[in-house]
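*Asks:* Sharing a structure here in structure tokens format.
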Amino acid sequence: MLFEDQKTITRRIIIVCSFIVVVLIVWNTNSLFRIMKTEERVKMEGWAVAQHEIQRQDPDEDISELAYWYTVRGKLSSPMIIVDKNDSIVGYDNIDTLKIAKDPNYIYKMLERIKKDNEPIKIEYDNFLNQRLYYGNSSLLKKLTYFPIALVLIIVLFATVTYFFYRTSKISEQNKLWAGMAKETAHQIGTPLSSLLGWIEILRSQNVEESTLVEINKDVERLQTITERFSQIGSIPKLERTNIIAETTNTFNYLKMRSSKLITFELQVPEDFIYVNLNSQLYSWTIENLVKNAIDAMKGKGLLRVVARLSDKEVKIKIIDTGKGIPRSQFNQIFEPGFTSKKRGWGLGLSLAKRIIEDYHQGKLRVSHSEIGKGTTMEIVLNVIA
């Protein structure tokens, strides 16, 4: 328990540290964006001053170093559009001229777009010429805008991959643990089971009533079946072409004979044979788990129906009870290892049943319907073979 608490604390620390790192990176990126935006503004204002100087200067005079740098050497990359006091475009730079040639309205669309990026810079000439310079963000600044988003997406992707890797590793460890426990259980049951077989022979030699010995022998055979089931967990079971109707009927009759008389059992199956690739022992174990869960949900009293139907190339086996029902939010949760609504139990029955049906038989096991206070329908779906 202490180890689990330490692992939980460690995970929380990692999450908090990761969050802090992301916040710092986003904050620094935003600060850098603002600094670069300010620098671009300063350059644009310098360009506007240079333009003002050029307009006032005599054509025969050489332009100043400042004007020369901004207009010739210090080429700016941001899109620029100059408009007069009537909002008519009088000049532009760093805008694709080919697009303008194809679509004359392109320059006006660009103007509306860059108006949203920055406030205009005024260019005035001796109180008789009033112009405004609109400019957009440079390509570098645009890339910097999307950098935090890309960074967050990368972190989320990394966290998702890490989570699934951790989850897969955890499930693998659980599977190994279950397989080890199952095989050890089979080994432990095997020793007293051999002794019970010997005791049956001794009782038979002492003329004990045969009907009693028959029932004891049935239970011993059942224990042998359970032992074989446990021994197959963790290994690939052998599937054989089997009539699933007969297997369902046999398991149903066995459970009916050994269940409370307060439970009304009903079996509805086709008379025809339906063949599937099946491991009879593991399938029987699945039906037992589902039926026992249904009986527990009904608190030992109610109606339990097992229905088999052929649908296209699939056979559907439904276990229907009149128990307390399952909330829709728990339809998937009930199949998770360790989940149980009982005071006692390990919460492994439905998890193992789902693994048997879906991993070993390539079928489906799901809650097809449930209403609180009215009951639940569990459904097994398997592929039919010729």
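The values are calculated or read from the model by the stated rules, or taken from the named source; none is laboratory data. In this text, all values refer to a predicted model and were calculated from it rather than measured experimentally. Here Cβ is always computed from backbone atoms with ideal geometry, including for glycine, and neighbour counts include all displayed protein chains. With ligands, DNA and RNA removed, areas are computed over all heavy atoms of the protein, side chains included. Shrake-Rupley method; radii C 1.70, N 1.55, O 1.52, S 1.80 Å.
*Asks:* Any chance you could count how many residues in the stretch 275-300 are modelled with pLDDT of 95 or more and over 33 Å from the mean Cα position of the chain (by Cα)?
*Replies:* Final tally of qualifying residues: 1.
*Asks:* Right, next: Within the stretch 269-288, does at least one residue satisfy the condition of being open to solvent by less than 70 Å² (accessible area, probe 1.4 Å), in contact with a strand residue (DSSP E or B) (Cβ under 7 Å, 6 or more places away or on another chain) and farther than 22 Å from Thr242 by Cβ?
*Replies:* No: the stretch 269-288 contains no residue that is open to solvent by less than 70 Å² (accessible area, probe 1.4 Å), in contact with a strand residue (DSSP E or B) (Cβ under 7 Å, 6 or more places away or on another chain) and farther than 22 Å from Thr242 by Cβ.
*Asks:* Please pick out the residue among Ser18, Ser77 that is at pLDDT 70 or above, part of a helix (DSSP H, G or I) and polar (S, T, N, Q).
*Replies:* None of the others qualify; the one that does is Ser18.
*Asks:* Are any residues in the stretch 269-289 of a type in the set (Val, Ile, Thr) and part of a loop (DSSP other than H, G, I, E, B), and if so, which ones?
*Replies:* Within the stretch 269-289, Val269, Ile274 qualify.
*Asks:* Okay, moving on. Looking at Thr264, Thr340, Thr322, which one is more than 16 Å from Ile356 (Cβ to Cβ), in contact with a Gly (Cβ under 9 Å, 6 or more places away or on another chain) and open to solvent by 70 Å² or more (accessible area, probe 1.4 Å)?
*Replies:* None of the other options fit; the residue is Thr264.
*Asks:* Do you know which residues across the stretch 107-146 are in contact with a Leu (Cβ under 7 Å, 6 or more places away or on another chain) and at pLDDT below 80?
*Replies:* Ile123, Leu144
*Asks:* Which condition from (1) buried (at least 16 other Cβ atoms within 10 Å of the Cβ); (2) under 31 Å from the mean Cα position of the chain (by Cα); (3) modelled with pLDDT under 90; (4) not charged (D, E, K, R) is the one that Ile236 breaks?
*Replies:* Unmet condition: (1).
*Asks:* Another one. Count, please, the residues in the stretch 240-290 that happen to be of a type outside the set (Lys, Arg), more than 12 Å from Ile317 (Cα to Cα) and either touching a residue at least 60 places away in the same chain (Cβ under 8 Å) or in contact with an Asp or Glu (Cβ under 6 Å, 6 or more places away or on another chain) (or both).
*Replies:* Here the count works out to 10.
*Asks:* List the number of the failed condition for Thr251; all other conditions in (1) of a type in the set (S, T, N, Q); (2) modelled with pLDDT of 90 or more; (3) over 18 Å from Ile357 (Cβ atoms); (4) surrounded by 16 or more Cβ atoms within 10 Å (Cβ to Cβ) hold.
*Replies:* Every listed condition holds for Thr251 apart from (3).
*Asks:* Let me ask something additional. Pull up the stretch 192-207, narrow it to residues that are touching a helix residue (DSSP H, G or I) at 6+ places or on another chain (Cβ under 9 Å) and farther than 17 Å from Leu223 by Cα, then point me to the one that is least open to solvent (accessible area, probe 1.4 Å).
*Replies:* Leu203
*Asks:* Next question, about the same structure. Pick from the stretch 73-122 the residues that are within 46 Å of the chain's Cα centre (by Cα), closer than 20 Å to Val42 by Cα and among the hydroxyl-bearing types (Ser, Thr, Tyr): which of them is most open to solvent (accessible area, probe 1.4 Å)?
*Replies:* Ser77
*Asks:* Restricting to the stretch 370-386, name every residue that is buried (at least 16 other Cβ atoms within 10 Å of the Cβ) and at negative phi.
*Replies:* Ser370, Thr376, Thr377, Met378, Glu379, Ile380, Val381, Leu382
*Asks:* Taking the options Arg328, Arg355, name whichever one is surrounded by fewer than 16 Cβ atoms within 10 Å (Cβ to Cβ), closer than 27 Å to Lys170 by Cα and basic (Lys, Arg).
*Replies:* Of the residues listed, the single one that is surrounded by fewer than 16 Cβ atoms within 10 Å (Cβ to Cβ), closer than 27 Å to Lys170 by Cα and basic (Lys, Arg) is Arg328.
*Asks:* For the stretch 56-71, state whether one or more residues are at pLDDT 70 or above and either outside any loop (DSSP other than H, G, I, E, B) or more than 23 Å from Ser139 (Cα to Cα) (or both).
*Replies:* Checked the stretch 56-71: no residue is at pLDDT 70 or above and either outside any loop (DSSP other than H, G, I, E, B) or more than 23 Å from Ser139 (Cα to Cα) (or both).
*Asks:* Restricting attention to the stretch 289-302, which residues are closer than 21 Å to Thr249 by Cβ and either loosely packed, with under 15 Cβ neighbours inside 10 Å or among the charged types (D, E, K, R) (or both)?
*Replies:* Once the filter is applied, which keeps residues that are closer than 21 Å to Thr249 by Cβ and either loosely packed, with under 15 Cβ neighbours inside 10 Å or among the charged types (D, E, K, R) (or both), the stretch 289-302 yields only Lys292.
*Asks:* Could you list, in sequence order, the residues of the stretch 304-319 that are open to solvent by 40 Å² or more (accessible area, probe 1.4 Å), of a type outside the set (Lys, Arg) and under 14 Å from Ala294 (Cα atoms)?
*Replies:* If the condition is that a residue be open to solvent by 40 Å² or more (accessible area, probe 1.4 Å), of a type outside the set (Lys, Arg) and under 14 Å from Ala294 (Cα atoms), then no residue fits.
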